[in-house]
Amino acid sequence: MENKAKRFRDRSCYRIVWTVLLCVFSLIVFQVPQPLAQRSPGERVQWIDVHAHPAGGRGAYTDYASAVKAAVSVMEESGIAKMVLMPPPQPPGTPPPFDFESFAAIAKLYGSRFAFLGGGGSLNPMIQQAGRHAAIDDPLRKRFEERAAEILQAGAVGFGEITAHHLSLLSGHPYESVPADHPLLLLLANIAARHEVVIDFHFDPVVEEMKAPDWLASPPNPTVFHANLAAFERLLEHNRRAKIVWAHAGSDQLGQWNVPLSRKLLEKHPNLYMSLRMAPARAPQNHPLTPDGQVKAEWLQLLSDFSDRFVIGGDQFFAAAGIKQGPGTNFAPRARGIRQRTNTFLAALPESLARKIGYDNAMRLYKLKE
Ligand SMILES: [Zn+2]
């Protein structure tokens, strides 16, 4: 009797063990994403962010070492192989603008992980200042050329961030506007062409005159935006060897940078490139992703038709821990979401297209080192 009871207990034990094992096995089999449906994290495309901003402050207290470190700390977990760091496009005045000198030496300590652009805190303020005048005199031209040469001699892979139209999105974030075919911008195109480097260009397009939307503060933004696209096209036509990377495609603020406009300009201007910013857009109709993380059909067609002309420019800000003020500290908390959306976007693309847009195009265009 006792033996029978023991056998029964043993059998029940086995049954429980087998049931548990079976559950674990089916969990593993059915919970792991299937390779055909989605690439597993191990297989995901490594990407390059060609538009990143270290925010280490300015004036008496700066800490770019910890801003660059903050960038390094997210690279591996997010599949980011490299970043191109640059100063934002600043106006002249106070606070005093900062340029690549603030962070380039620190970035160089990390070898080929980082490249950098320069001019956002020196060439751009000169452009904004001169923007009020249609012509430039020789001393200004000379100063501009000398500064551009200095930037390239220091190892910059191009000029950035430069702007001809930049909306002010929050307090302390400047409104900037000059004709995109201003003589200093045409000069910069010639210099970039001669040295075969890129210009990272922030340009909020206005196809047709429009009233400022309610959410945008005026001032500093104007109450009416005038059409500015013709001048941008003249800049692109001015020197076909100047490669211009138009920043923030897909997250247009005014709702005018749509897929048909991108297609028209890419067809017409072979020296135009676009960097995609995967931030939630003000104009969601122009964003590449649907709310459930699929690439919209018209975007997929555009990206496939111009697969050599797109790169990823996240516009991630990395703020040093001790920096409490400035637009960079407001933008920095958004970077995690941008990285997540970029990974969703790349995972939703056909693999060869993801590789080109995420990695290969950036390597070629910015001449990055492996
Ligand atoms: Zn920008």
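Please go through the residue pairs LYS243/LYS268; LYS264/LYS356; LYS211/LYS264; LYS108/LYS367; LYS243/LYS296 and name each one whose alpha carbons sit more than 18 Å apart in this structure.
Checking Cα-Cα distances, LYS264/LYS356; LYS211/LYS264; LYS243/LYS296 exceed 18 Å.
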If R0 is 22 Å, what FRET efficiency do you get for LEU170 and THR94 from their C-beta distance, rounded to 0.05?
0.80
Let me check against my output: what whole-number percent is the relative contact order of the stretch 47-365, with C-alpha pairs under 8 Å and at least 6 apart?
19 percent
Roughly how many Å is it from the Cα centre of the stretch 178-224 to that of the stretch 288-344, as a whole number?
20 Å
Extension reserve of the ALA105-VAL74 stretch, reckoned as 0.36 nm per residue once the Cα distance is removed
9.2 nm
With every protein chain left in place, what is the accessible area per residue of the chain in square angstrom, probe 1.4 Å?
49 Å²
Unit charges on C-beta of K, R, D, E only; dipole of the chain, Debye:
1540 debye
Quick check: pseudo-label points 7 Å beyond the Cα along Cα→Cβ at LYS369 and ARG141, how many nm apart are they?
3.6 nm
Rounded to the nearest 0.05, FRET efficiency between GLU233 and GLU298 (Cβ-Cβ, R0 22 Å) equals 0.50
Starting from the stretch 262-339, pick out the trypsin sites (Lys or Arg not before Pro) whose DSSP state is loop and whose Cβ has at most 14 other Cβ atoms within 10 Å.
LYS324
Say the dipole of the chain comes from +1 at the beta carbon of Lys and Arg and -1 at that of Asp and Glu; which of TYR61, PRO125, MET75 then lies farthest toward its positive end?
MET75
How far apart, in nm, are two points set 7 Å out from the Cα along the Cα-to-Cβ line at GLU150 and at ALA60?
2.6 nm
log10 I(q)/I(0), Debye, Cα-only the chain, no solvent, q = 0.13, 0.15 Å⁻¹?
-1.03, -1.39
Of all DSSP beta bridges having both residues in the chain, the percent classed as antiparallel (nearest 5) is 15 percent
Tell me whether the stretch 189-300 comes out rounded, prolate or oblate; compute the Cα gyration tensor, take square roots of the eigenvalues as a ≥ b ≥ c, and use a/c under 1.5 as the rounded threshold.
oblate
Which of GLY93, SER177, LEU109 sits closest to the plus end of the dipole of the stretch 73-206, meaning its Cα is farthest towards the positive end, when Lys and Arg get +1 and Asp and Glu get -1 on the C-beta?
LEU109
Carbon/sulfur accessible area of the stretch 214-335, % of total, 1.4 Å probe, equals 52 percent
Across all Cα atoms of the stretch 259-356, Rg and the largest Cα-Cα distance (Dmax), in Å, are 15.0, 46
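The values are calculated or read from the model by the stated rules, or taken from the named source; none is laboratory data. None of these values were measured; they are calculated from a predicted model. Please note: Cβ atoms are built from the backbone with ideal geometry, for glycine as well, and neighbour counts cover all protein chains shown. Quick note on the areas: whole protein, heavy atoms, side chains included, nothing else; ligands and nucleic acids left out. Shrake-Rupley method; radii C 1.70, N 1.55, O 1.52, S 1.80 Å.
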